[in-house]
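Below is one structure, written out as structure tokens; the observations come after it.
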Amino acid sequence: MSHIFPRHSAMRPPRAVAGDGCYIIDETGKRYLDASGGAAVSCLGHSDRAVTDAVKAQLDEIAFAHTGFFTSGPAEELADLLIAHAPKGLERVYLVSGGSEATEAAIKLARQFHIENGEPARARIIARRQSYHGNTLGALSAGGNMWRREPFAPLLVDMSHIAPCYAYRGMTEDESEEDYGRRVADELETEILAQGPETVAAFIAEPVVGATLGAVPAVKGYFARIREICDRYGVLLILDEVMCGMGRTGHLFACEADGVAPDILCIAKGLGAGYQPIGAMLVSGRIYSAIETGSGFFQHGHTYIGHPAAAAAGLAVVTALTGRGLVDRSKAMGEVLKSALVERFGQHPHVGDIRGRGLFLGLELVEDRETKAPFSPERRLHAVLKKAAFQRGLVCYPMGGTIDGRSGDHVLLAPPFIISDDQVAEIVEKLSGALDDALAA
């Protein structure tokens with residue numbers, strides 16, 4: 001009997017014993033092609049020697065030094081490397097242990113910035129429906145997915161939620177993409193004015209929405225308008241790139257594709273590529289200066305922030321991404337994978353949309369392609385598909401509640417950047433067979 005508390009009590013997962021590039025191998029020797037990188041984590045695959053060697057070397061020097069007393073070489077070098085490539089205006093890096101910690105820190109920093117800046121009334125956070133920002137209570141409060149929020153609703157902080165930029169479902173037939181993007185972006189201004197601009201601290205959004213919508217990028221011009229509105233009312237822009245960042249979309253930072261720079265940017269997942277738990281909050285010089293010239297103390301912190309071994313892994317990963325051409329490879333192989341998906345599923349009667357950027361792609365599943373009607377939630381098609389794909393040796397990331405937290409199904413694909421043409425074909429073949437199995441079930 002296992003004493004592990006699993007994600008689901010009915011789960012009896014196989015034991016992973018080895019990694020080989022894009023594959024995970026279980027104790028029976030079965031190989032699973034990791035077509036989702038776990039949860040868009042394993043951008044370098046499961047056997048990158050440079051990263052494991054960097055972690056081992058750091059452990060031989062020192063494993064842990066609390067940041068209340070010390071800094072470390074890997075932490076300093078990682079921060080330097082990130083800022084060297086970061087969007088304009090970002091000047092400081094606050095290292096954490098994962099994505100939820102990064103967004104939690106961002107929300108708290110936004111609040112403290114306004115206190116230090118002489119505007120203590122600014123406490124409201126605005127986010128979007130069908131977003132996901134993590135599972136700590138602050139991050140969950142910002143998230144707009146009803147299924148995740150509902151059990152914990154009495155514990156959550158009151159935050160505002162506006163419409164996502166979800167063209168497949170939200171754009172009307174008589175709208176251009178530009179008009180649609182402007183319309184949904186302007187909901188932010190409406191909400192700021194409704195709450196009172198003097199009360200709003202920040203707006204948080206994912207440049208490409210991952211888990212809850214299935215790789216949905218904003219339409220052109222949307223984030224430029226969001227940036228304009230935030231600047232007009234003194235509201236900080238927090239971009240959550242925990243899932244879509246670190247080369248996943250074919251840009252080291254996903255917001256590069258939208259031509260905007262945030263005040264605070266959150267990364268994780270691909271930052272450690274699965275080799276160590278690490279995340280980071282990147283902060284503008286203006287925000288850091290307010291803290292530095294004010295109290296001097298960010299009233300936040302966790303035991304393992306800036307962990308030297310985790311930072312060594314992050315440094316090796318970002319060095320690989322920037323030095324081996326892997327961000328460009330993500331973009332190129334994303335085009336290969338998307339073309340293969342369109343060829344196989346573009347006219348499939350139960351695939352309504354194929355979307356995404358780089359190696360961050362999603363397929364929305366529908367009962368009726370013409371009307372976009374979703375499958376009944378009771379059918380739990382996403383769960384059936386996940387199981388069917390796993391049996392075929394394919395790890396993918398299906399989710400339900402795509403439309404409103406209850407209805408709709410999608411499958412997210414986010415394979416390692418080292419994926420080959422043959423492995424692209426393997427993904428498409430196994431996913432096609434799994435979808436057939438799930439629809440027949």
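A compact table of results
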item	result
Three-way shape call for the range 289-345 based on the alpha-carbon gyration tensor, with the a/c threshold at 1.5	prolate
Percent RCO, i.e. relative contact order, over the range 386-432, from Cα pairs under 8 Å lying at least 6 residues apart	33 percent
Net charge of Cβ neighbours under 13 Å - reference ALA86; Lys, Arg +1; Asp, Glu -1	-3
Neighbour-limited loop hits for GluC sites (Glu not before Pro), the range 155-214 (at most 13 other Cβ within 10 Å; DSSP other than H, G, I, E, B)	GLU173
Paramagnetic label zone (point 7 Å from Cα along Cα-to-C-beta, ARG15; backbone N under 18 Å) in the range 388-405	none
The chain: Cα Rg divided by the 2.2 N^0.38 Å rule of thumb	0.96
Most positive-pole-ward Cα, ALA16, HIS348, GLY272, against dipole of the chain from beta carbon charges	ALA16
Local electrostatic count at ALA388 - Lys and Arg +1, Asp and Glu -1, tallied over other residues with Cβ under 11 Å	+2
Contact order relative to length of the chain, as percent, for alpha carbon pairs under 8 angstrom and 6 or more apart	22 percent
Rounded to whole Hz, the Karplus (6.51, -1.76, 1.60) HN-Hα couplings of the range 408-424, x for glycine and proline	x, 9, 8, 10, 9, 10, 8, x, x, 5, 8, 4, 9, 4, 5, 6, 4
Under the Karplus curve 6.51 cos²θ - 1.76 cosθ + 1.60, θ = phi - 60°, whole-Hz ³J(HN,Hα) for the range 430-440, x wherever Gly or Pro sits	6, 5, 4, x, 5, 5, 4, 4, 5, 5, 7
At q = 0.10 Å⁻¹, base-10 log of I(q)/I(0) for the range 306-441 (Debye sum, equal scatterers on each alpha carbon)	-0.38
Residues with amide H under 5 Å from that of ALA18, placed H, sequence gap 5 or more	ILE25
Length released on extending from PHE152 to LYS220, taking residue separation times 0.36 nm less the Cα-Cα span	21.0 nm
Heavy-atom accessible area per residue - the chain, 1.4 Å, Å²	43 Å²
Karplus-derived 3J(HN,Hα), 6.51/-1.76/1.60, for each residue of the range 172-186, Hz, glycine and proline x	7, 5, 9, 9, 7, 4, 4, 5, 5, x, 5, 4, 6, 5, 5
Convex hull projection area averaged over all views, the range 368-441, Cα basis, nm²	5.5 nm²
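The values are calculated or read from the model by the stated rules, or taken from the named source; none is laboratory data. Here the structure is a predicted model, which is why all the values come from computation and not from measurement. Ideal geometry is used to build each Cβ from the backbone, glycine not excepted, and the neighbour counts take in all protein chains shown. Quick note on the areas: whole protein, heavy atoms, side chains included, nothing else; ligands and nucleic acids left out. Shrake-Rupley method; radii C 1.70, N 1.55, O 1.52, S 1.80 Å.
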